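Novice: First the structure, which I've put down as structure tokens, then a few questions once you've had a look.
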Amino acid sequence: MEKRDVIVMGAGLAGLSAARDLAAAGTDVLVLEARARPGGRVEQATTADGRLVQLGGEIVGTFHTAYRKLVGELGLTLGPTFVASSGETKWKLGSGETLGDDLPWMSKEERRNYERLEREFSRLAASVDPDDPWSHPDAQRLDSISVADWARSEGGSPAVILALELSAHALAVESIERTSLLADLRKESAAGADGFYSFEAWENERVLEGSATVALRMAEQLGGRIRYSSPVAAVHIASGRARVSLRTGEEFSADSVISALPVGPLRDVHITGVSVERLASLHRQRQAPAVKIAAVYASSFWEEAGMNGTSYSQTTLIGGTWAQSPGVLSGLLPPSSLGEYFATPPARREPDLTDDLAAILGTQAREHSAFFLRNWASDRWTQGYVTGWRPGDVMSVGPLHGTHEPPFYVCGSDQWVCGYMEGAVRTGRAAAAAVLRGGKDRRAAR
Ligand SMILES: Cc1cc2nc3c(=O)[nH]c(=O)nc-3n(C[C@H](O)[C@H](O)[C@H](O)COP(=O)(O)OP(=O)(O)OC[C@H]3O[C@@H](n4cnc5c(N)ncnc54)[C@H](O)[C@@H]3O)c2cc1C
């Protein structure tokens, strides 16, 4: 049996960030990765004309400090996203189409109502500690109701409910009818409690060399410390040590093991020697499933029609689009579209989604030179997209969320407030620091 100081399960941004810090500290670390490539939910393809296309995680916000710091250390560059582009947003609603920023389809009165609710949401969000939402005096109640129920109870008009639902739909997270208010407050509290989800806070920067390059560069630095095509089947903790078995039966022994797996695939790993409570909390977490598309064009044709490429759509399987880079359009299919999407014969998916793009942005959307479809929802090693919190989930997962039970450590975007590349890097580096401190800080993963 091979012996190591630390085994890291998973070579996504979290596992790579953890392993990189451990290796830099002189630890004998080995990363076991199921796929034949690093990066997990960040992945990129190159088009025939040499453009990089992001098929997974893509954009970050200014408050994503752990990710931004790592990008600097890796010698990569952050630049602006679609948020900085001119042109207007397209709204394709059941009631008709509009072009314009800032909810142009709302009446003045509806807008006032929206702004009042947003102020109330900010006030509530500021009262939630993102690292410890459980300590909020009203945590149980805030977690038991959905964002939509809260908005209605505060006198939110149908237009306000629609605006919030369109935002969730475009982000490809669960409907606001099935999202915990406490989870959403926690998420926006982490972003500075400045209102509802905003592109300015969450989506104003991207790595110009390609988001997936962040993972590729770390993998390059780690070299032979990563074993690819090595899915972990079991972890046994006994006498303060970890034994990790691959599906092939090969075994490793280590002083510590770090799980950097998404919560879905982690449920498929047989774990013993970790407390029932810790495992129950981990296994209670879930993800929102999604499918991503990327369509490549000769130029950003949408700009000629005064659009910025951003859209919100109520009537198509695609919930929303945005401009990824010049001539490249991204889009997401939210959980509510996935039943119909997976029922569509595979050969019809690209043509149907091209019809969707044309319905949203005009007939030029048909003229793509490359079209990428990435079924993250059904990907065996992801089983989702970003962390999802239905009403009751925050309290059920409880304060053990993101905590370590040495020598069993956890990291990964699911172990932060709501997912995202920031969550992966932040928890990955925190897990490495906790291992190096000898597991003294069990809460460091958050
Ligand atoms: C379509 C899409 C768009 C997104 N857009 C954004 C965005 O714009 N901005 C943003 O910040 N975030 C975005 N995200 C989220 C972000 O990409 C992820 O939260 C983040 O990359 C997850 O990193 P991770 O290391 O925690 O997990 P992962 O990247 O999922 O890494 C986990 C690794 O574990 C491996 N694995 C699984 N099971 C096993 C096993 N049994 N044994 C060994 N290895 C295993 C997997 O293959 C994978 O490599 C997006 C995600 C998706 C899917």
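Just so you know, all these numbers are worked out from the coordinates, no wet-lab data involved. Note that the structure is a prediction, hence the values are computed from the model and not measured. Every residue, glycine as well, gets a Cβ built from its backbone with ideal geometry; the counts of neighbours run over all protein chains shown.
Novice: Which order do peptides 414-423, 206-215 fall in by mean Cβ count within 10 Å, highest first? Spell out each step's value before the answer.
Specialist: Working: 414-423: 26.3, 206-215: 22.9.
Taking the mean over residues of other Cβ atoms within 10 Å, the ranking is 414-423, 206-215.
Novice: Here's something else I'd like to know. Is the shape of segment 291-334 best called rounded, prolate or oblate, per the rule: a/c under 1.5 gives rounded, else a/b larger than b/c gives prolate, else oblate, with a ≥ b ≥ c the square roots of the Cα gyration tensor eigenvalues?
Specialist: Numbers: a/c = 2.67, a/b = 1.48, b/c = 1.80.
Verdict is oblate for segment 291-334.
Novice: While we're looking at this one, here's another question. Mind checking the angle between helix 158-171 and the chain's longest principal axis? C-alpha axes, 0 to 90 degrees, to the nearest 10.
Specialist: The helix 158-171 is inclined about 50 degrees to the chain.
Novice: Show me the ranking of peptides 399-407, 287-295 by mean Cβ neighbours inside 10 Å, starting with the highest.
Specialist: Ranked by mean Cβ neighbours within 10 Å, highest first: 287-295, 399-407.
Novice: While we're looking at this one, here's another question. Can you give me the long-range amide H partners of GLU405? Hydrogens built in the peptide plane at 1.01 Å from N, cutoff under 5 Å, separation of 5 or more residues or another chain.
Specialist: Result for GLU405 returns VAL410.
Novice: Which whole-angstrom value gives the distance between the alpha carbon centres of segment 275-353 and segment 158-210?
Specialist: Each part's Cα centre sits 15 Å from the other's.
Novice: I'd like the orientation of helix 181-190 relative to the chain: the angle between its Cα long axis and the longest Cα principal axis, in ° from 0 to 90, rounded to 10.
Specialist: Helix 181-190 sits roughly 80 degrees off the main axis of the chain.
Novice: Rg (Å, one decimal) plus Dmax (Å, integer) for the alpha carbons of segment 12-149?
Specialist: Over segment 12-149's Cα set, Rg and Dmax evaluate to 21.6, 62 Å.
Novice: Take every Cα-Cα distance within segment 58-97, group them into 5 Å bins from 0 onward, and report for each bin the whole-number percent of pairs it holds.
Specialist: 5, 16, 21, 15, 11, 10, 9, 6, 5, 1
Novice: Rounded if a/c is under 1.5, else prolate if a/b beats b/c, else oblate: with a ≥ b ≥ c from the C-alpha gyration tensor eigenvalues square-rooted, which is segment 313-353?
Specialist: Taking the square roots of the gyration eigenvalues as a ≥ b ≥ c, segment 313-353 is oblate.
Novice: Please report the equivalent ellipsoid semi-axes of segment 102-198, computed as sqrt(5 x eigenvalue) of the Cα gyration tensor, largest first, in whole Å. Don't skip to the answer; put the middle values down first.
Specialist: Values: eigenvalues 96, 36, 32 Å².
Gyration-tensor ellipsoid for segment 102-198: 22, 13, 13 Å.
Novice: Let me ask something else. Just the Cα atoms of segment 7-92: what Rg and Dmax do they give in Å?
Specialist: Cα only, segment 7-92: 16.5, 54 Å (Rg, Dmax).
Novice: Share of antiparallel DSSP beta bridges in the chain, in percent to the nearest 5? Working shown, then result.
Specialist: Numbers: 45 of 69 bridges.
So the antiparallel bridges amount to about 65 percent of the total.
Novice: Which trypsin sites (Lys or Arg not before Pro) in segment 326-391 pass both tests, a DSSP loop state and at most 15 other beta-carbon atoms within 10 Å?
Specialist: On the way: sites: ARG348, ARG349, ARG366, ARG374, ARG380; in loops: ARG380.
Hits after loop and neighbour filter: ARG380.
Novice: Note the angle between two axes, namely the Cα long axis of helix 420-436 and the longest principal axis of the Cα atoms of the chain, as a number of degrees from 0 to 90, rounded to the nearest 10.
Specialist: Its long axis makes an angle of about 20 degrees.
Novice: Rounded, prolate or oblate: pick one for segment 306-379, where a ≥ b ≥ c are the square roots of the eigenvalues of its C-alpha gyration tensor, a/c under 1.5 means rounded, and failing that, prolate if a/b is larger than b/c, else oblate. Write down the numbers at each step before the final one.
Specialist: Details: a/c = 1.61, a/b = 1.48, b/c = 1.09.
Verdict is prolate for segment 306-379.
Novice: Starting from 0.36 nm per residue, how many nanometres of slack lie between ALA233 and ASP28 once their C-alpha separation is accounted for? Can you show the working numbers first?
Specialist: Working: separation 205, 0.36 × 205 = 73.80 nm, distance 2.17 nm.
Between ALA233 and ASP28, full extension yields an extra 71.6 nm.
Novice: Continuing with the same structure: Sorted by packing (mean other beta-carbon atoms within 10 Å per residue), highest first, where do 149-161, 167-179 land? Mind showing how you got there, number by number?
Specialist: Values: 149-161: 17.2, 167-179: 22.2.
Packing proxy ranking, top to bottom: 167-179, 149-161.
Novice: Magnitude of the Cβ-charge dipole of the chain, K/R +1 and D/E -1, about the Cα centre, nearest 20 debye?
Specialist: 1340
Novice: Check the straight Cα-Cα distances from LYS92 and name the lysines below 23 Å, setting aside those fewer than 8 residues away within the same chain.
Specialist: Cα-Cα hits under 23 Å: LYS108, LYS292.
Novice: Kirkwood Rh, the chain, all Cα pairs: how many Å?
Specialist: Details: mean 1/r = 0.0446 Å⁻¹.
Computed over Cα pairs of the chain, the Kirkwood hydrodynamic radius comes out at 22.4 Å.
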